[in-house]
Every structure is written in structure tokens, then in C-alpha cells.
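Here is the structure we will look at.
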Amino acid sequence: MRGWQSNTLGPGRYVANIDESTESLFGNVLNLGGEFQLEFNMEYRADVYNFIELAIFSDIGNVWFMPGSNLGFEGQEDAILSKNTIGELGWDMGLGIRLDFDFFIFRVDFAQQLYAPDLQSFVIKSFPRDLGGSRFQTNF
């Protein structure tokens, strides 16, 4: 999910509120992400010049813990895979630059979150005012 930093999406719509007293208990669990992952990616690339390509992409997905998991999330229904999972999918969209040397591809992606499960709403409500900020991510 190119619109989120590593380990910041999910599990589910759960939002970690870690302070020093709980970091040792949940820190390693949250870095795992989850036990079940669902992700869809779509990307279209167009040649610009020789080895330079532009890409437009969209990602939809999230991670969850399985029901009955003993990883400390028994009371956190927001982090458990359930029938409400479809409403907990994150969605991003973006543009990328590809340098395709046949033996190596160098990619830079600029992604904007469109729907954030932790907010339970769309991120962009007023275009272009809501673009960027903490819901924008650059990936190499």
C-alpha cells in the first residue's frame, strides 16, 4: 500500500495509541502488521523516452488478525477479521516514475490516501485543498 508508511496501515481500522508503558507489550505485535492480508493493485505504465516510463496506480487493501488470535487483540474488534472487513479497506492512488534498464527498474512513487480506515472516511473532501499533508507518501 504505497499511500502508507510501512506498518502504519491496520490491523483493520485499529489505531495504535502506544505510550511508554504499553510499547514493550504491543510494539512487536504491531510491527507484525497482521495475520491476514488482502491487497489489490492496479498500475498502468506509459513509455516517455527510451528507459523512462510514467505510471498511474491505485492500491486497495489492509491487514487483520484472525478471530481467536492470542496476540493481545481479543478486545479490539477493529483489528480482527470479520464480516465488516470490506469497510476497513484502505485506498490510495498516485503517480510514479520508472527508469527501466531491462536488468533493473528504479521506481519513485507519489501516493495519496483516498480512503483511510482509521478515519472511517474519505481523506479528500475538498480538492485540491486536502491533497498532501500527513496522508501523502513518497516511496523509492
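A short reminder: the numbers here are calculations on the coordinates, not readings from a lab. Fair warning: this is a prediction, and the values are worked out from it, not measured in the lab. In this analysis, Cβ positions are derived from the backbone assuming ideal geometry, glycine residues included, and neighbour counts consider all displayed protein chains.
Structure above, values below:
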| read-out | value |
| --- | --- |
| Simple spin-label estimate for SER6 and LEU54 in nanometres, 7 Å along Cα-Cβ | 3.0 |
| Sum of side-chain charges, PHE106 neighbourhood, beta-carbon under 15 Å (Lys, Arg +1; Asp, Glu -1) | -1 |
| Phi-based couplings in Hz for the stretch 108-124 (Karplus 6.51, -1.76, 1.60; Gly and Pro marked x) | 10, 10, 10, 10, 10, 5, 9, 10, 10, x, 5, 8, 6, 7, 6, 7, 9 |
| From phi via Karplus (6.51, -1.76, 1.60), per-residue ³J(HN,Hα) for the stretch 91-107 in Hz, x at Gly/Pro | 9, 9, 8, x, 10, x, 10, 10, 10, 9, 9, 6, 8, 7, 10, 9, 10 |
| Estimated vicinal HN-Hα couplings, Hz - the stretch 59-67 in sequence order (Karplus 6.51, -1.76, 1.60; Gly, Pro = x) | 10, 9, x, 5, 10, 8, 8, 6, x |
